[in-house]
Amino acid sequence: MSTTSPTASQQPAARKKVTVRTLRARKRRGEPITMLTAYDYPSALAVDNAGTDVILVGDSLGMVVLGYDTTLPVTMDDMLHHCKAVARGAKYALLVGDMPFMSYQVSVEEAVRNAGRFLQEAGMDAVKLEGGRERLDAIRAIVSAGIPVMGHIGLTPQSVHQLGGFRAQGKTAAAAKRLVEDALALQEAGVFSIVLESVPGRLAELISRKLEVPTIGIGAGVGCDGQVLVFHDVLGLFDRFTPRFVKQYAHLHAVIAEALRAYNDDVLARRFPAAEHTVEMKEEEWEMLEKMLQDA
Ligand code: KIV
């Protein structure tokens, strides 16, 4: 469990690239790990420059960028496209590509091949996939191909229909015990870290204490080794529903709406573009043009 809390501004001036070993060391020293999602070049630049340890190119992009109701329609092509843009923007953070629905469930071979594409084609450092004991074969095979894997248990959005909605998990003793067993099994299979999503805080803390690899919580309380939130939620980019576990650090939706309204008003009133936004010709060139047009 994390015991100390340096701020991003206390990080060493000469930043080094974060690796899976860095995260393990952070857990040993009791220092919290920061993780955020990013989906394109500007969001990757912003998240990386803020000193974030891990950037997840989450399949949540299906909902916050592509406008789907769930993450299920997201494809490998969608993920690789966004991962490439993030890799161009981020220099220091560990980059984790989220394996989309049906890219690792069908066979171990497909899982390894798709995981490899995230590193080989899209510049990621690691992959994340959802599920517990049912994913051990795929995880072992991906790890033995030399690809670091982050696990994800609790509320696993790709199983939304099986779970009966986006609901908290591990609330009964039996369900909590299964999650503890799943976490230990994932660690045994070789994951370097595990996301715990929407599980009771006490359970997340217990799992974090039992594991050597760091846990990253989302809706799982302060007892995890690190925390992750979705870029659009942190910045308040939407005014629609935000989950209870989200803390909005800005309300950019309102700022953006106001700026876009002001632009439209300026265009309608011919206040934009003004002289400072306009390129002009030298007077003598203009006069020459007028003369040339007269002569023509
Ligand atoms: O897809 C995603 O953004 C995620 C995080 C919320 C953990 O899986």
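The values are calculated or read from the model by the stated rules, or taken from the named source; none is laboratory data. In this text the structure is predicted, and so the values were computed from the model without any measurement. Glycine also receives a Cβ, built like all others from the backbone with ideal geometry; neighbour counts cover every protein chain displayed.
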For segment 47-79, enumerate the residues that are over 19 Å from ALA126 (Cβ atoms) and within 16 Å of the ligand (Cβ to nearest atom).
GLY62, MET63, VAL64, VAL65, LEU66, GLY67, TYR68, ASP69, THR70, LEU72, PRO73, THR75
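Among residues belonging to segment 125-138 that are more than 14 Å from the ligand (Cβ to nearest atom) and surrounded by 19 or more Cβ atoms within 10 Å (Cβ to Cβ), point out the one that is farthest from LEU179 (Cα to Cα).
Among those residues, the one meeting the criterion is ASP125.
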Being under 19 Å from VAL20 (Cα atoms) and either of a type in the set (Val, Ile, Thr) or crowded, with 19+ Cβ neighbours inside 10 Å (or both) is the filter here, so list the residues in segment 73-111 that pass it.
CYS83, VAL86, ALA87, ALA90, ALA93, LEU94, LEU95, VAL96, GLY97, ASP98, MET99
Filter the helices (runs of 4 or more DSSP H) completely within segment 230-296 down to those with at least 3 residues that are surrounded by fewer than 11 Cβ atoms within 10 Å (Cβ to Cβ).
252-268, 283-295
For segment 139-184, what are the residues that are more than 15 Å from the ligand (Cβ to nearest atom) and in contact with a Phe, Trp or Tyr (Cβ under 7 Å, 6 or more places away or on another chain)?
PRO148
Return the pairs, sorted by first residue and then second, in which the second residue is at pLDDT 95 or above and in a helix (DSSP H, G or I), the first residue lies in segment 249-278 and is under 19 Å from SER43 (Cα atoms) and of a type in the set (Ser, Thr, Tyr), the beta carbons are less than 9 Å apart, and the residues are 6+ apart or on different chains.
TYR249/VAL234
So PHE118 passes all but one of these: (1) in a helix (DSSP H, G or I); (2) within 14 Å of the chain's Cα centre (by Cα). Which condition number does it fail?
(2)
